[in-house]
Amino acid sequence: YRLDRFRIAATVATPAEIARLTHADVGHVLAKSFSFLQRYLPLARRAIFVQRQDGFDPRFTALSGHVYLIGYFQSPRYFAHMADLIRDELTLREPPDGANRALLESIMSCPAVSVHVRRGDYLTNPLYRDICTLDYYLAAMREIVARVAAPHFFVFSDDIAWAQDHIQTDHPITYVAHNGPARDHEDLRLMRHCRHHIIANSSFSWWGAWLATHPEQLVVAPHRWLNVAAREPRELIPESWFRISAGVAG
């Protein structure tokens with residue numbers, strides 16, 4: 001949990017408030033029955049709403065009142081009308097420490113390109129595996145080099161050793177390894193201040209790119225987000241972002 005590190009003006013729902021919406025206080029079986037029956041109510045009367053898939057679910061616009069939401073809700077269409085507010089609230093409360101402050105100054109002084117490499121559980125999960133291959137990253141870097149003068153790549157990863165061995169270029173490159181998983185919110189701050197972005201099929205790098213506001217920003221994203229076509233999220237990637245397949249511009 002990291003949201004407490006950000007300037008979010010929100011209150012946390014109490015167990016009693018959640019129970020009133022989900023009937024969790026009446027027992028497991030009854031609560032599951034209540035949740036099942038919710039899908040047959042008109043949207044405006046539902047107390048529980050389950051997103052059908054990642055990306056934009058148009059049924060969301062018909063909800064009203066207090067609702068328990070289940071899903072990722074990761075599409076700009078959900079919050080385009082309040083983008084400035086979202087970007088403001090997803091700003092860290094505390095200033096960066098010495099190492100991150102120095103790196104942030106370096107990022108803001110050059111045509112910085114964030115490169116996010118997600119490995120870990122993605123290596124074995126068939127839903128995500130083999131979408132952002134090494135070929136994808138190398139092709140994405142070639143696209144940036146063709147479009148950006150004197151880029152400096154800043155690599156972020158949950159497997160930085162692999163990235164150092166494989167994500168290489170003749171252009172300046174910095175591997176960001178000092179924060180680690182306990183301070184990944186600091187990595188997000190650094191990523192959002194980069195001028196351009198190469199993202200993985202990962203919500204972490206998606207937000208790093210979306211939160212950024214440089215007027216000349218280029219974002220390279222994978223052509224596919226998931227390996228199951230039926231679950232491919234809708235309206236997840238903004239139209240201004242550039243999508244490529246592994247090693248092939250698309």
- So which residues in the stretch 192-217 are closer than 20 Å to R147 by Cα, open to solvent by less than 50 Å² (accessible area, probe 1.4 Å) and not polar (S, T, N, Q), if there are any at all? R192, C194, H196, H197, I198, I199, A200, A209, W210, A212
- Message: Please pick out the residue among L92, L104 that is in contact (Cβ under 8 Å) with a residue 40 or more places away in the chain and within 18 Å of A10 (Cβ to Cβ).
- Response: L92
- Message: What are the pairs with Cβ atoms under 8 angstrom where one residue, in the stretch 158-179, is under 20 Å from D121 (Cβ atoms) and the other, located anywhere, is open to solvent by 50 Å² or more (accessible area, probe 1.4 Å) and part of a loop (DSSP other than H, G, I, E, B)? Sequence gap at least six, or different chains.
- Response: D158/R118; I160/A177
- Read through the list (1) farther than 17 Å from R101 by Cα; (2) modelled with pLDDT of 95 or more; (3) among the aliphatic types (A, V, I, L, M), then give the number of the only condition that L188 fails. (1)
- Please give the strands (runs of 3 or more DSSP E) falling wholly within the stretch 43-150 in which 1 or more residues are within 23 Å of R7 (Cβ to Cβ) and open to solvent by less than 40 Å² (accessible area, probe 1.4 Å). 112-117
- Task: Would you check which residues across the stretch 151-175 are open to solvent by less than 20 Å² (accessible area, probe 1.4 Å) and of a type outside the set (A, V, I, L, M, F, W, C) and list them?
- Result: P151
- Message: L127 - would you say it is of a type in the set (A, V, I, L, M), under 18 Å from S203 (Cβ atoms), out of contact with any Phe, Trp or Tyr (no Cβ under 7 Å at 6 or more places or on another chain) and in contact (Cβ under 8 Å) with a residue 12 or more places away in the chain?
- Response: yes
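The values are calculated or read from the model by the stated rules, or taken from the named source; none is laboratory data. Worth saying up front: this structure is predicted, and the values here are computed from it rather than measured. Please note: Cβ atoms are built from the backbone with ideal geometry, for glycine as well, and neighbour counts cover all protein chains shown. The protein model used for the area step is the full one, side chains on, heavy atoms only, and it has no ligands, DNA or RNA in it. Shrake-Rupley method; radii C 1.70, N 1.55, O 1.52, S 1.80 Å.
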